[in-house]
1. State all residues of the range 366-409 that are among the basic types (Lys, Arg) and out of contact with any strand residue (DSSP E or B) (no Cβ under 6 Å at 6 or more places or on another chain); if no residue qualifies, say none.
2. Kindly evaluate GLY72 against the criterion of being under 18 Å from GLY106 (Cα atoms) and at pLDDT below 95.
3. Please state which of the following conditions GLU401 fails to meet, knowing it meets all the rest: (1) closer than 21 Å to ARG447 by Cα; (2) modelled with pLDDT under 95.
4. Do you know which residues across the range 441-485 are closer than 20 Å to GLY95 by Cα, small (Gly, Ala, Ser) and at pLDDT 85 or above?
5. May I ask you to verify whether SER322 is of a type outside the set (Lys, Arg) and more than 20 Å from VAL237 (Cα to Cα)?
6. May I ask you to say which residue of ARG238, ARG157, ARG224, ARG260 is assigned to a loop (DSSP other than H, G, I, E, B) and of a type outside the set (Gly, Ala, Ser)?
7. Output the residue which, of all residues in the range 165-180 that are within 16 Å of GLN218 (Cβ to Cβ) and of a type outside the set (Asp, Glu), is surrounded by the most Cβ atoms within 10 Å (Cβ to Cβ).
Amino acid sequence: MNKSVLLRLALLFSAAASGAGAAVVEGKVVDNRTGTPLARSRVLLMPVRGAASQISAYTDARGAFRMEAPAGAYALGAERPGYAFTWYGQRVWNGRGTPIVLDQDGRFGAEIRLHRLGAITGEIRDENGAGLWDFPVAVYHDTRPLQLAAQGKSDDRGVFRIAGLSPGRYLLRTGYQELGEEGGYLPTFYGGSIAAESAQSIEVQLDAEVEGLVLTPQTGHLLRLKGKVTFPGSNLVRLYGDVEALSSVVDNAGSFSFERLAPGSYYLAAESKISGDYVTAYQRLWLKSDLEDIQLEGAPAPLLQLRCRAPGGRPPGALPASVSLMRIVPAGESRAEQVRCGSSARLAPGTWRMRASTPAGFYLQALTLHGRPLNSPELEALPGEHLELEAAFSDKPATVEGKLLDANQQPVPEATIYLRAADSALQQRLAAAPSARTGADGSFLIRGLPPGRYLAAVSLDGGSEDEIDWNSPLLPTVQLEEGGKASITLSP
């Protein structure tokens with residue numbers, strides 16, 4: 001036998017050996033609403049654990065795909081432009097899906113249905129109902145601060161269409177357009193409001209299009225804001241609006257100015273740090289005409305002092321607890337601070353959201369500000385204020401244990417169990433829903449809970465607590481006593 005024949009046989013044997021034991025994953029990718037095969041969709045096979053590499057392929061003209069992979073557990077997903085990425089078996093659009101298990105020499109078939117991303121269609125008209133051509137329009141996530149999601153322009157009829165939107169609530173806003181001496185069309189939210197807080201939100205869903213929206217921009221002039229910083233050391237003034245934060249340099253005379261501002265609500269802030277002194281100025285204003293005499297007067301930055309009350313006569317500083325703070329107002333510039341028991345911190349002016357970090361074996365019993373109960377996780381800090389915050393902890397937390405079983409009384413592993421306090425004041429102190437993952441036997445354990453009544457919910461695909469309908473009357477409840485333990489059996 002000559003060498004060329006031997007070489008060909010060796011290559012054939014090597015190729016056959018490399019495919020030995022490989023599992024096959026095959027199927028189709030189709031449009032969820034119409035069932036139309038989706039050619040050139042990217043299919044992804046990602047190992048759930050281990051060091052194996054992910055495998056990808058593209059569907060053919062019939063929307064079909066075929067991949068080979070070693071035995072193991074995988075997440076199977078697909079994507080295509082204009083559609084939401086979809087994992088096989090997911091129950092909510094951004095969930096993690098259900099892993100598939102491939103046996104050696106096994107075969108797995110699946111149909112993956114992709115959901116088309118949402119869209120918004122509407123018209124931009126003038127005060128007489130005529131369409132406005134080439135008019136800018138933007139879509140923002142209805143969050144604070146607003147986050148730009150997409151933007152576009154109207155056609156010659158004033159019609160616009162913005163696609164590729166994930167499910168959620170949005171605000172729609174026109175841009176500015178100059179009209180000459182009479183001013184211009186002002187940025188206006190859907191619903192006719194200049195300010196975001198009064199705007200009408202729009203809900204977008206997959207496989208759906210929001211139609212028939214009409215925006216009529218208000219007319220008027222862009223405005224000017226001028227003023228002076230009355231304290232030394234500040235070289236920048238910040239102006240926070242609904243959709244952006246602007247800056248103005250402070251000159252040697254302490255003057256600052258902002259031009260071409262849309263009417264609306266703003267926050268104005270300045271600060272300086274000289275020789276360890278933290279001085280701040282902070283004003284909220286409604287701009288409806290030119291302002292040219294704003295005076296920013298400084299005061300010491302708000303001081304937050306945290307005292308912790310621990311059980312058993314422990315010294316307040318001996319408890320390894322802290323409060324984390326995130327500034328949420330004004331929007332557009334996030335700041336974070338962490339204050340430990342027995343310490344203090346200077347804060348930038350604004351509204352801050354708090355979350356207590358509780359050591360193992362304790363729970364947050366109460367939070368007071370200047371001796372009064374603080375049921376909200378938010379506080380406002382203004383220049384010159386001294387905020388006395390006290391956190392009381394208990395060393396008798398409650399515990400919930402249980403199992404998640406399916407209809408056949410078989411354990412359900414790798415699911416997320418969420419708890420939510422039925423009392424709103426207690427839930428606000430928790431800041432987030434306590435949670436745990438079920439083990440291989442379907443069991444779960446959640447520690448460190450304050451006493452009270454809780455709702456329990458199950459997520460099989462890794463969805464967040466915000467995706468759960470906590471108002472459903474079908475949710476089971478569990479009552480916890482201080483230092484007690486309760487058991488509960490849940491079903492998906």
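1. First, pick out the residues of the range 366-409 that are among the basic types (Lys, Arg): 372, 396, 403.
Answer for the range 366-409, where residues must be among the basic types (Lys, Arg) and out of contact with any strand residue (DSSP E or B) (no Cβ under 6 Å at 6 or more places or on another chain): ARG372, LYS396.
2. On the way: under 18 Å from GLY106 (Cα atoms): yes; at pLDDT below 95: yes.
Judged against the criteria, GLY72 is a match.
3. For GLU401, the exception is condition (2).
4. Matches in the range 441-485: GLY442, ALA456, ALA457.
5. When the stated conditions are applied, SER322 passes them.
6. When all the criteria are applied, what remains is ARG157.
7. Among those that are within 16 Å of GLN218 (Cβ to Cβ) and of a type outside the set (Asp, Glu), it is ARG173.
For every residue, the table says whether it meets (1) without any contact (Cβ under 8 Å) to a residue 60 or more places away in the chain; (2) exposed (fewer than 14 other Cβ atoms within 10 Å of the Cβ).
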residue	(1), (2)
ALA130	yes, yes
ARG144	no, no
ALA150	yes, no
GLY158	yes, no
GLU182	yes, yes
GLU203	yes, yes
ASP207	no, no
THR216	no, no
LEU236	yes, no
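The values are calculated or read from the model by the stated rules, or taken from the named source; none is laboratory data. Just so it is clear, the model here is predicted, and its values are computed rather than measured. Positions of Cβ are generated from backbone atoms using ideal geometry, with glycine treated the same way; all protein chains shown enter the neighbour counts.
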